[in-house]
1. Contact list please: Cβ distance under 7 Å, first residue in segment 44-72 and closer than 30 Å to A103 by Cβ and at pLDDT 95 or above, second residue outside any helix (DSSP H, G or I) and not acidic (D, E), pairs at least six apart or on different chains.
2. Out of all the residues in segment 28-39, is one or more at pLDDT 85 or above, over 36 Å from the mean Cα position of the chain (by Cα) and among the small types (G, A, S)?
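The values are calculated or read from the model by the stated rules, or taken from the named source; none is laboratory data. Here the structure is a predicted model, which is why all the values come from computation and not from measurement. Methodologically, a virtual Cβ is constructed for each residue, glycine included, from the backbone with ideal geometry; neighbour enumeration extends over all protein chains shown.
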Amino acid sequence: MGKVRPWKAPQKSRGTSNIAVGKIRSSWDQRLQQRAERAAVLAAQKAVDEEIRTQKRAEREAREAKEKKKEENMARGQQYQVISDTSKIKKMSKKQLRNIKKADTSGVKPKILSK
């Protein structure tokens, strides 16, 4: 049987049978509370996401308005020369053709380039 150890108490049952197993399911009140907490967190997250979305939308609209205003100001300050004879365009070199831009000049008084 082996040595006798007086300081050790004899084993009453196996160690695996002493493990306390908790309840598998939580109570109904706890589950309702967890659902309410989860719903509150989701609602708060949704509100934050919507706030970020509106902020980004406002920034984008402001940026687009700024770009549009800048383009309008550039167009207002440009000088141009109307080419009435289209045969001139056919005679131009590639380098000159790169500088040509079609534009609607109806209702706008043409600005004549100074020589």
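1. Listed by first residue and then by second, the contacts come to nothing, as the list is empty.
2. Within segment 28-39, the first condition is being at pLDDT 85 or above, and the residues that meet it are 28-39.
From what is left, the residues that are over 36 Å from the mean Cα position of the chain (by Cα) are 28-30.
Restricting the remaining residues to those that are among the small types (G, A, S) gives none.
Within segment 28-39, none of the residues are at pLDDT 85 or above, over 36 Å from the mean Cα position of the chain (by Cα) and among the small types (G, A, S).
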